[in-house]
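The values are calculated or read from the model by the stated rules, or taken from the named source; none is laboratory data. Bear in mind that the values here come from a model prediction, so they are computed numbers and not experimental data. A quick note on method: Cβ atoms are made from the backbone with ideal geometry, for glycine too, and the neighbour counts reach across all protein chains shown. For the accessible areas, the whole protein counts, side chains as well, though only heavy atoms, and no ligand, DNA or RNA atoms are used. Shrake-Rupley method; radii C 1.70, N 1.55, O 1.52, S 1.80 Å.
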Amino acid sequence: MKGNVIVGQSGGPTTAINSSLAGVYRTARDRGAGKVYGMLHGIQGLLQERYIDLSEYITSDLDTELLKRTPAAFLGSCRYKLPEIHEDRAVYDKIFEILEKLNIEAFIYIGGNDSMDTIKKLSDYAIVTGFPTRFVGCPKTIDNDLALTDHTPGYGSAAKYIGTSVKEIIRDSFSLEYSKGLVSIVEIMGRNAGWLTGAAALAQGEDCTGPDLIYLPELPFDVEKFGEKVRDLLAKKSSVVVAVSEGIRLADGRYVCELGQSIDFVDAFGHKQLSGTANYLASYIAGEIGCKTRAIELSTLQRAASHCSSRVDILEAYQVGGAAVKAADEGDSGKMVVLQRLSDDPYQASTEVKDVHKIANDEKLVPRSWVNEEGDYVTEDFISYVRPLIQGDVSPVVVDGIPRHLYRHP
């Protein structure tokens, strides 16, 4: 590489997103890039000319290993929607002036659906203007909903954490007895895609039957039918554990969480903030049945639990970061790196690049055939798909009993 590289992180952080950043940095330096800049808070920060030289922070192999084990976005993230080119060309002119000033040969953006929209628009503008910088997307999202890739880095670690946590909740729920039983409802991230919620089934094993019910957002949710199923289960056992997606909706399209509260916050991409699904359903069951209920919202822990990372996930995140730089160095632009599964046993996957125009603003949902007929559990096909992605551990670097991270002053 003859010029410099700039990399940004966007959207919801994950336990693996910084491993991709490490892959970008190391590969760019190995391929001869002059400098590797990091945008502070993504494209929004770049517009404010906020960036750092990553060589000032990654100074040794230990720093690289710490970065791979650090959750959240080391560079800071954003949810900024670029306008259409014809709507505000001045925004693009400013971005490209900054890229020219920094002599940027490759622009790498680590993110999900909305981030790939940014790569699409910037690469299109570069084509229109004849600008030489190449733009490549690096997949990241615990939601696992990016099109054309078998799975996304970040998902495996989140799935591992969810399966582990649900198993621990099940074990805890049988510790105490209540006269009318106990119902624990675990709320898991997922607006439109149920990949994360389905991972609750990973709690199944020789020592655990797994959750009793699993509800994904791909299928309409019936509150009354749900109550009847819980009542039937309580007639047979003292404790019931249910996994629900935060995005489950009624047949009329309303989110279940909207039944208990109004939703005021909407982000730049028009996404409502979803929270309170488990609380509403726990209150409903308590009112209908009179049993003890618990609402458990895993929330940020799903994407920040680096102590429960999947080794497969961290290695693949590093791999796609390097593949993004390689693709840009070899002339690709307007592309995203994807993972293609070659086999399940032994598990093997490789990287390719695909046209980002076929990925941006699309969503990959859980296939209907991977959900049982009743719509309240996932099938063995789903479990077989996820299980290879959660294998192996990444030992944290522990100092005084607590994991050490690579830290950047705000």
Test result for ILE108, in a strand (DSSP E or B), aliphatic (A, V, I, L, M) and touching a Gly at 6+ places or on another chain (Cβ under 8 Å) | yes
Please list, ordered by first then second residue, the pairs with beta carbon atoms under 9 Å, 6 or more apart or interchain, first in segment 84-100 and in contact (Cβ under 8 Å) with a residue 40 or more places away in the chain, second of a type in the set (D, E, K, R) and in a helix (DSSP H, G or I).
-> ILE85/LYS121; ILE85/ASP124
Among the residues of segment 291-299, is any open to solvent by 10 Å² or more (accessible area, probe 1.4 Å), part of a helix (DSSP H, G or I) and aliphatic (A, V, I, L, M)?
-> no
The listed residue being part of a strand (DSSP E or B), touching an Asp or Glu at 6+ places or on another chain (Cβ under 9 Å), closer than 17 Å to ILE285 by Cα and open to solvent by less than 10 Å² (accessible area, probe 1.4 Å), out of VAL244, VAL230 = VAL244
Pairs only if they're at least six apart or on different chains, beta carbon under 9 angstrom, first in segment 386-402 and among the hydroxyl-bearing types (Ser, Thr, Tyr), second part of a loop (DSSP other than H, G, I, E, B); list them, first residue then second.
-> SER395/ARG69
Complete set of residues in segment 331-349 that are farther than 21 Å from THR133 by Cβ and within 20 Å of the chain's Cα centre (by Cα) = VAL338, LEU339, GLN340, ARG341, ALA349
If you scan segment 66-87, which residues turn out to be over 18 Å from THR141 (Cβ atoms), aliphatic (A, V, I, L, M) and open to solvent by 10 Å² or more (accessible area, probe 1.4 Å)?
-> LEU66, ILE85
Where LYS237 falls short, out of the listed (1) assigned to a loop (DSSP other than H, G, I, E, B); (2) at pLDDT 95 or above; (3) within 22 Å of the chain's Cα centre (by Cα); (4) not small (Gly, Ala, Ser) = (3)
Return the total of residues in segment 159-179 being open to solvent by less than 90 Å² (accessible area, probe 1.4 Å) and in a helix (DSSP H, G or I).
-> 13
So which of SER165, SER157 is in contact with a strand residue (DSSP E or B) (Cβ under 7 Å, 6 or more places away or on another chain) and hydroxyl-bearing (Ser, Thr, Tyr)?
-> SER157
Count - residues of segment 312-366 that are exposed (fewer than 14 other Cβ atoms within 10 Å of the Cβ) and in contact with a His (Cβ under 8 Å, 6 or more places away or on another chain) | 0
Filter segment 1-17 down to the residues that are over 21 Å from THR118 (Cα atoms) and modelled with pLDDT under 95, then identify the one that is most open to solvent (accessible area, probe 1.4 Å).
-> LYS2
State whether one or more residues within segment 136-152 are part of a helix (DSSP H, G or I) and at pLDDT 95 or above.
-> no
Residue hits (segment 18-48; among the hydrophobic types (A, V, I, L, M, F, W, C), open to solvent by 10 Å² or more (accessible area, probe 1.4 Å) and either closer than 21 Å to LEU406 by Cα or not in a helix (DSSP H, G or I) (or both)) are LEU40
What are the pairs, 6+ residues apart or on separate chains, where a residue within segment 306-325 that is in a helix (DSSP H, G or I) has its Cβ under 7 Å from a residue that is among the acidic types (Asp, Glu)?
-> ARG311/ASP393
Hey, does segment 353-365 have a residue that's polar (S, T, N, Q), part of a loop (DSSP other than H, G, I, E, B) and within 21 Å of the chain's Cα centre (by Cα)?
-> yes
Hey, ASP30 among the charged types (D, E, K, R), touching a residue at least 60 places away in the same chain (Cβ under 8 Å) and under 24 Å from ARG311 (Cα atoms) or not | no
Conditions (1) farther than 26 Å from TYR318 by Cα; (2) in contact with a Ser or Thr (Cβ under 7 Å, 6 or more places away or on another chain); (3) aliphatic (A, V, I, L, M) -> LEU99 fails only (1)
